Amino acid sequence: MTAKVIKTVSVLGVAATLSACGGSGSTGGVPQAPQSFEQLEAQSAALLNKYRIDSINDPSTLRVTGSSDYAGVMTLHGEDARQFRVSGQMNLNVNFATNAVAGTVSNFVDLQETRYTGTLAIGRGSIDRASNPDDAEPTFSAALNGVLTSETTSLDIDGLMRGYFQGEDAAAVQGFLSGDLSVGSATVPLFGGFIGER
């Protein structure tokens, strides 16, 4: 499958805060056991090294039949990822026949190993086969919504995820987040990223 080189660094910053399940540890769409933040960070490094964001699949060459389940991790934060960020385990389904993208993210934990209940829904997603990655156009996008709650904090996420396919026969997905993150009465811009593999 043809790989294109992305000409923007807009998603390169994701690597610094992104976590993901890597290597042979991927479980596809199967629910994953909760992990610590430290474990997610370690898994992230392995998968980010395996799938470099500067080499992505040409969307016009993606297959048009079947579907794939991707397991990985999504990391989200406000304007300062060094102070606060949370990572959760992502399960993403891509139907290449209908171009639909959907999934969930759960088992969130933050830098202080505080756990959050709740699930973020990935929905209304679609593949854009006419997109041009050379111009930083994402290959797929989807809405990201939900509320995460710890004993002391509630996070309301109203976001958008944009991503790309990587590896042989779209073996992996990787991308970035935008939108709004509300904590109590305060709302700040949402940042972050995701990565996963079959």
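Contact order, relative form, for region 106-155: 36 percent (alpha carbon pairs under 8 Å, 6 or more residues apart, mean separation divided by residue count). Local charge for T65 was computed over the other residues whose Cβ lies under 15 Å away, with Lys and Arg +1 and Asp and Glu -1, and equals +1. At a probe radius of 1.4 angstrom, the accessible area of region 70-166 per residue rounds to 39 square angstrom. Around the amide H of S154, modelled in the peptide plane, lie the amide H atoms of G184, all under 5 Å away and 5 or more residues distant in sequence or on another chain. Considering only N107, F165, V86, whose Cα is most displaced toward the positive end of the charge dipole of region 82-198, charges sitting on Cβ of Lys, Arg (+1) and Asp, Glu (-1)? Farthest towards the positive pole: N107. Converting phi to 3J(HN,Hα) with the Karplus coefficients 6.51, -1.76 and 1.60 and the offset θ = phi - 60°, region 158-166 yields 10, x, 9, 10, 10, x, 9, 9, 9 Hz in sequence order, with x at every glycine or proline.
When E137, E38 are compared by accessible surface with a 1.4 Å probe, the order from highest to lowest is E38, E137.
Fully extending the segment from S67 to T149, taken as 0.36 nm per residue of separation minus the present Cα-Cα distance, adds 26.3 nm. If I compute solvent accessible area with a 1.4 Å probe over the protein chains, what percent of it on region 93-198 is carbon and sulfur? Percent of accessible area from carbon and sulfur atoms in region 93-198: 48.
Near the amide H of E137, within less than 5 Å, lie the amide hydrogens of N132, all on another chain or at least 5 residues away, with H placed in the peptide plane. For region 57-147, the set of trypsin sites (Lys or Arg not before Pro) satisfying both a DSSP loop assignment and a count of at most 14 other C-beta atoms within 10 Å is given as R63, R82.
Between A171 and Q166, the built amide H atoms are under 5 Å apart, and every one of these is 5 or more places off in sequence or on another chain.
The values are calculated or read from the model by the stated rules, or taken from the named source; none is laboratory data. As the structure is a computational prediction, the values presented were derived from the model and not from experiment. Cβ coordinates were reconstructed from backbone atoms using ideal geometry, including for glycine residues, and neighbour counts include every protein chain displayed. Calculation scope for accessible area: heavy atoms of the full protein, side chains included, ligands and nucleic acids excluded. Shrake-Rupley method; radii C 1.70, N 1.55, O 1.52, S 1.80 Å.
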